[in-house]
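Bear in mind these aren't lab numbers, they're just calculated from the coordinates by the rules spelled out. What you are looking at is a predicted structure, and each value in this text was computed from that prediction instead of being measured. With ideal geometry, Cβ positions are generated from the backbone for all residues, glycine too; neighbour counts draw on all protein chains shown.
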Amino acid sequence: MSLLSGLFGIIVGRAVTASVLIGIGLAIGYGIFTAWIEEDTRIGIIDIPFTVISDDSAAFIVEMIDLAREDHSIKGVVIKLNSPGGGVAASEKLFFEVERLRREKPVIISVSDLAASGGYMMSLGANEIFARPGSSIGSVGALTNVFPDPPPDESLVGTGPAKLTGGAQRTFIAQLELIKEAFIENVFSQRGDVLKISRDELAEARVYTGMEGLRLGLIDRLGTDSDAIDRVAELAGISDFELVNVNVEALRLRVKQFERVFGSPPDGNDQVRLQVNTLARAFSGGGAQVGVRPGVPPGFPIEVEIPQFFYLYVAPTQ
């Protein structure tokens, strides 16, 4: 009898121990699961104020896009956009970066006042484009400056007939036509299944209101930033999430990089002010000189220019 009692005690003891261990394991697992849920349910907000897309402004926008793409806690991104466009290469770069982000997580562009020319080019990379009824959308086209022949100068010798000019004026005009066609092709490639506008009409480079843009298939929905956030959460398959300001996170990273290279300044506010001023110049297109580029030897006999092609909406002036 005592032997049976001993065996029974061992069995019960082990059962209790197992139950305790299972309970502890479930508690730990629930805690980890809850922490994982809390960590992995964020929507990133990238706020691009009125911005001419230059090499400088595009570089910081790409930093923000990269941060949102690499942060696995961010499940979807809303890009608040207000831009007349800018340089062709910089605008195309932003399209490719947004499209790359779209391949990994849903992206919604939310247009406030303006997404024209290069701004609209960038928008084409997103899953969907939201705008207000009175927003300005479109201006699908390009422009360039026309270069005169350089004055004769015996101190400057080129090896080919176009070495000193890059080509005749008609060459740049032909290149401009190719750039325009590439823009139109990209619109149809990204939105051809919903477009209700002909290539010829799109090539007129008109600006449309948000209401017209929706009717023509240039955008997907009319709505606010909040509507865009709800939609990107729906695409991401999440309902309980937090918002993260990607602009602030990107600025924080820049400050850390600054400290790593130069050390912490005595007054941290001065450091932040420096970074903010740098970003303000970038967002305003500041520092992007038209025509002249650094690195030209002192005393060089002519002003150095490069072909300037723009996806840029220039509003009419009175």
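Given points 7 Å out from each Cα along the Cα-Cβ axis, report the ARG170 to ARG103 separation in nanometres with one decimal.
Going from the ARG170 label point to the ARG103 one covers 4.1 nm.
First measure r as the distance between the Cβ atoms of LYS196 and PHE262, then evaluate 1/(1 + (r/R0)^6) with R0 = 45 Å and state the FRET efficiency to the nearest 0.05.
Efficiency computed from Cβ-Cβ geometry: 0.25.
Using the count of nearby Cβ atoms within 10 Å as a rough guide to exposure, how do PHE309, PHE188, PHE130 rank from fewest to most?
So the residues, fewest neighbours to most, are PHE188, PHE309, PHE130.
Between GLU204 and ILE238, what is the label-point separation in nm under the 7 Å Cα-to-beta-carbon projection?
4.3
Cα to Cα, under 24 Å, and not fewer than 8 places away if on the same chain: which lysines meet these conditions relative to LYS180?
Cross-link targets: LYS93, LYS196.
Quick one: order MET64, MET121 by neighbouring beta-carbon count within 10 Å, fewest to most.
In increasing order of surrounding Cβ atoms, one gets MET64, MET121.
Fewest to most neighbouring Cβ within 10 Å: what's the order for SER73, SER112, SER189?
SER189, SER73, SER112
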